[in-house]
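Read-outs: derived from the displayed coordinates by stated rules, not from any lab. Not measured: the values here are computed from a predicted model. Note that each Cβ is placed from the backbone with ideal geometry, even for glycine, and that neighbours are counted across all protein chains shown.
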Amino acid sequence: MAKEKKEEFRLEEAFGRIEELLEKLGDKDVSLEESFSLYQEGMKLLKQCNDKIDHVEKQMLQIDEEGQIHEFS
């Protein structure tokens, strides 16, 4: 049984896609239905980006001279 490789979420790619969506939303020829769809996709991507950034921030630690670990601030 082959194990499916989970696609890694990349912030750079997500930000690029969000830029594409914003350009499309700015097009006057985009229908209202398509605008809603583009908006929903953008909001999902923004949430994923926010979740990823929050996760990374929580993992960041700072080690002082005595070797003690502290949250990075």
At 7 Å along the Cα-to-beta-carbon direction for both Ile69 and Glu33, put a label point, then send me their distance in nm to one decimal.
5.2
May I ask you to list the trypsin sites (Lys or Arg not before Pro) in region 25-57 that are in a DSSP loop and have at most 15 other Cβ atoms within 10 Å of their Cβ?
Lys28
